[in-house]
Amino acid sequence: MDRPASQIWAMRSLYALLAFAVLFLHLLPLDAQPDRWPFPDVLIALTFAWVLRRPDFVPTVLVALVMLMADFLLQRPPGLLAALTVVGSAYLRSAALGMRDAGFAGEWMSVGIVITAVILMNRLILSVMSVQQAALGPVVIQLVLTVAVYPLVVLLSQSALGVRRISAADVSAVGSRA
């Protein structure tokens, strides 16, 4: 295997490992009392940050499998949030090259809109199907915290893990795989 292909597979494995670590930490019983603040959805923020920076590191199938596993482990309706996250990541994947010139504020706003759309569509579909769901207040707090934690996820992804925006030279080298 050549170096770029092995690096891509290593980063895909790292994404899966990080996703399972986030899920593991989410499932740990660290406190016996109920949460006062909902935990931000770091997995969605991580997925969207990596999709915008290096779409070749997080293929659609990997996003679908990771989010479906999250649905099962977190006891959510299986497949709904996974499908919505795949749609949101596909939108961001198609807009990634155009957002390269928008700066981080434009990227953050776009990701915030996509996260809001994913959460609202999830809530709307669950209400149409008459599925019992959490109160609106904690869901809005989780939405705000997820959008607020996105810059931290991007910072950690770039500085600690080396997941930087794909450059124009990388686009021509990768070709249509990006």
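The values are calculated or read from the model by the stated rules, or taken from the named source; none is laboratory data. None of the values given here were measured: they were computed from a predicted structure. We place every Cβ from the backbone using ideal geometry, glycine too, and count neighbours over all the protein chains shown.
Quick check on the stretch 98-141: of everything there that is more than 19 Å from residue 83 (Cβ to Cβ) and in contact with a helix residue (DSSP H, G or I) (Cβ under 7 Å, 6 or more places away or on another chain), which residue is surrounded by the fewest Cβ atoms within 10 Å (Cβ to Cβ)? For the stretch 98-141, the residue satisfying everything is 106.
Residue by residue, here is whether (1) modelled with pLDDT under 90; (2) exposed (fewer than 15 other Cβ atoms within 10 Å of the Cβ) holds:
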residue	(1), (2)
5	yes, yes
10	no, yes
15	no, no
20	no, no
49	no, no
72	no, yes
92	no, no
95	yes, no
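For first residues located in the stretch 138-150 and within 12 Å of residue 46 (Cα to Cα), partners that are among the charged types (D, E, K, R) and not in a helix (DSSP H, G or I) and lie 6+ apart or on another chain with Cβ distances below 6 Å form the pairs 146/41. For the stretch 44-78, which positions are free of Cβ contacts under 8 Å to residues at least 40 places away in the same chain, assigned to a loop (DSSP other than H, G, I, E, B) and out of contact with any Asp or Glu (no Cβ under 6 Å at 6 or more places or on another chain)? Answer for the stretch 44-78, where residues must be free of Cβ contacts under 8 Å to residues at least 40 places away in the same chain, assigned to a loop (DSSP other than H, G, I, E, B) and out of contact with any Asp or Glu (no Cβ under 6 Å at 6 or more places or on another chain): 75, 76.
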